[in-house]
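Reviewing the structure listed below.
Every read-out reported here was derived from the displayed coordinates using simple, explicitly stated rules and does not represent laboratory data. Note that the coordinates shown come from a computational prediction; the quantities given were computed from them, not determined experimentally. Don't worry about glycine lacking a Cβ; one is built from the backbone with ideal geometry, like all the others, and counts go over all protein chains shown.
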Amino acid sequence: MAGSAEPLIGLILAGGKGSRCAGRDKAWLRLDGRPLVCHARERLQPQVGCLVISANRHRWAYARLGLQSIADEPGWLHCGPLAALASAWRRFPGAVLAIVPIDCPLAPRDQVQPLHERVKTDARAAALRCEGRQQPLFAVLHGSLAGAAEDALRAPRPPAMRVWLEAMGVHWLDWPDIRADEFSNINRLEDLRGLEGKCGPD
């Protein structure tokens, strides 16, 4: 469980291949005139002390935005969110990580604090659940899980994030059902149209 001296770092998960988006880098898809990375930064940055992005492409472009990026370690390239976590913990040993996916531009602006409170008191990992659906990529994770993340990546088939979190004793925090739209995600390019005009002001 976290102590007050451990840094809280926001980690935007943007290292995927974008297979269902014609191979395009989701972070740079534009919604309401801005790339998704800008929407993610706007929502997560105020909730954390430091913000970084897990990315395996266009790292120079993040630098131009003033964002620090972390690529997957070579042996874990494109192994999913667990690779992003393990790589981030190698860069920031012991840090508490607050994660959000790049493809949810309506992500909550206030989830980190209640999740972090659970990690500071009685859990090593806490994640959101809304309308009975678990949202494993909206989570706060204690740095003591770094070794377990690396161990999972050594498996012939690394587990899905939800399965790994369950094995780590995750606390699922129920989020108001009325806010289910905050988890709307962009799987395909056509999904962008359905979210136009919903992101609110900068």
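Report the label-to-label distance for Ser144 and Leu65 in nanometres (one decimal), using points 7 Å from each Cα along the Cα→Cβ vector.
About 3.4 nm separates the two model spin labels.
Please sort through the DSSP H helices of the chain and keep those with an alpha-carbon extent of at least 24 Å along the long axis and a Kyte-Doolittle average not below 1.6.
Working: long enough: none.
Both cut-offs are met by no helix.
Once the piece of chain linking Asp174 and Arg24 is laid out straight, how much longer is it, given 0.36 nm per residue of separation minus the C-alpha distance between them? Walk me through the numbers on the way to the answer.
Numbers: separation 150, 0.36 × 150 = 54.00 nm, distance 3.28 nm.
Gain on stretching Asp174 to Arg24: 50.7 nm.
Using the number of other C-beta atoms within 10 angstrom as an exposure proxy, rank Leu192, Leu115, Leu65 with the fewest first.
So the residues, fewest neighbours to most, are Leu65, Leu192, Leu115.
Residue by residue through segment 132-138, what is 3J(HN,Hα) from phi via Karplus (6.51 cos²θ - 1.76 cosθ + 1.60, θ = phi - 60°)? Round to whole Hz and write x for glycine and proline.
Here the 3J(HN,Hα) series is x, 9, 6, 10, x, 8, 10 Hz.
Assuming 0.36 nm per residue, please report the length gained on full extension of the stretch Asp181 to Lys198 beyond their Cα-Cα distance. Walk me through the intermediate numbers first.
Values: separation 17, 0.36 × 17 = 6.12 nm, distance 0.97 nm.
Computed gain between Asp181 and Lys198 is 5.1 nm.
Which stretch or stretches of segment 39-83 have amide N atoms under 16 Å from the point lying 7 Å from Arg154's Cα along the Cα→Cβ direction?
75-76, 83
May I ask you to derive the FRET efficiency for Glu117 and Arg91 from their Cβ-Cβ distance with R0 = 22 Å, giving the value to the nearest 0.05?
Numbers: r = 25 Å, r/R0 = 1.14.
Given R0 = 22 Å and the Cβ-Cβ separation, E is 0.30.
Could you please report the charge total around Cys130, scoring K, R as +1 and D, E as -1 over all other residues with beta-carbon less than 13 angstrom from its beta-carbon?
Overall, the nearby charge balance is -2.
Using only the Cα atoms of segment 8-190, what semi-axes does the equivalent ellipsoid have when each is the square root of 5 times a gyration tensor eigenvalue? Give whole Å, largest first.
Whole-Å semi-axes of the equivalent ellipsoid: 22, 20, 16.
Expressed as a rounded percentage, what relative contact order does the chain have, with Cα pairs under 8 Å and six or more residues apart? All intermediate terms of the calculation are to be shown ahead of the outcome.
On the way: 363 pairs, mean separation 50.5, N = 202.
Across the chain, relative contact order equals 25 percent.
Starting with the fewest neighbours, write out Met161, Met168 ranked by other beta-carbon atoms found within 10 Å of each beta-carbon.
By the 10 Å Cβ count, ascending: Met168, Met161.
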